[in-house]
Structures are given as structure tokens and as C-alpha cells.
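These notes are about the structure you will find just below.
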Amino acid sequence: MTIVVGYVPGAPGEAAVEQALVEARRTGSRLVVVNGTRGDAYVDTRFSQGADVDRLRSHLEASGVEYEVRQPLGPDVADLILDVAEEVGADLIVVGLRRRTPVGKLILGSTAQRVLLDAACPVLAVKP
């Protein structure tokens, strides 16, 4: 079995990774962590670099769960997560949720919402 987890640095991403690890241990699954960006990494604070990636890898290594970290580039992060899920035949996708204002929901859209609506497998959405 394979679990795909959408990761961004910060509380929602950490919550997603932690729950994905719980599910991976419970089911004997491997993790594929997706930290995607549109390619503007210097201004995209959701894209992990340097110490952030090292910390994530160390945490995953210490968990004992088989894992892979991918950092794809593309115009839509939701599509990046969904593409990886399809490619690896994911049995579950885990995403973290963050609080947004009603106006923010209207204007900005939501990666988690797109993944929830468009995924071909179950999606587990977690809050920090």
C-alpha cells in the first residue's frame, strides 16, 4: 500500500505528515511525501528547502517507515499531488488544513479542496 501526503512547512504540513505516519504504521504502507511548488521557490514559503528538507527527512528516517520525498514543479500544487497519487497508485492521500477567512476561500481557492474533490482514492484531511 502507498500513502501520499501533501506537505508544506508549518503546522498543517506537520499534522499531515504525523497522521500519514500513523496510517503507514497501522497498514504497513510506504509514504510518498509531496512538497510541490509553481517554481517560484524563492518566494514560495510552502516549498521546503535546505534545513526544512533535512529536518523532514530525518524525522521520516527515524520513524522507520519506508518513504520517498518528491518536490515537483508545476502550475497547480493540487495537480502535482493528484498526479503523484495516480502515478504510485495511492491507497490514501493525507492533506493538512489551515484556517481561511470566507473571503480567502472565495478568492484564493484551496489545494486541499481540489484534492478532496478530484482524488480517485480516499483523502484524509487533518487539522493541526
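The values are calculated or read from the model by the stated rules, or taken from the named source; none is laboratory data. Predicted model, so just to flag it, every value in this text is computed and none were measured. Using ideal geometry, Cβ is built from the backbone for each residue, glycine included, and neighbour counts are taken over all protein chains shown. Heads up: the accessible areas ignore ligands, DNA and RNA and are worked out on the full protein's heavy atoms, side chains in. Shrake-Rupley method; radii C 1.70, N 1.55, O 1.52, S 1.80 Å.
Of note:
- Here the simple spin-label model places points 7 Å from the Cα toward Cβ, and for Glu86 and Leu116 these points are separated by 2.2 nm.
- Local electrostatic count, Lys127, Cβ distance below 9 Å [Lys/Arg +1, Asp/Glu -1]: +2
- Positive minus negative residues near Leu31 (Lys, Arg vs Asp, Glu; Cβ under 13 Å): -1
- Within-15-Å neighbourhood charge of Asp83 [Cβ basis; K, R +1; D, E -1]: -3
- Put simply, when 60-73, 77-90 are sorted by average Cβ atoms within 10 angstrom per residue, most first, you get 77-90, 60-73.
- Per-residue surface analysis assigns Asp118 an accessible area of about 90 Å², computed on protein heavy atoms at 1.4 Å probe radius.
- With DNA, RNA and ligands ignored, accessible area of Ser110 (1.4 Å probe; Å², nearest 10): 30 Å²
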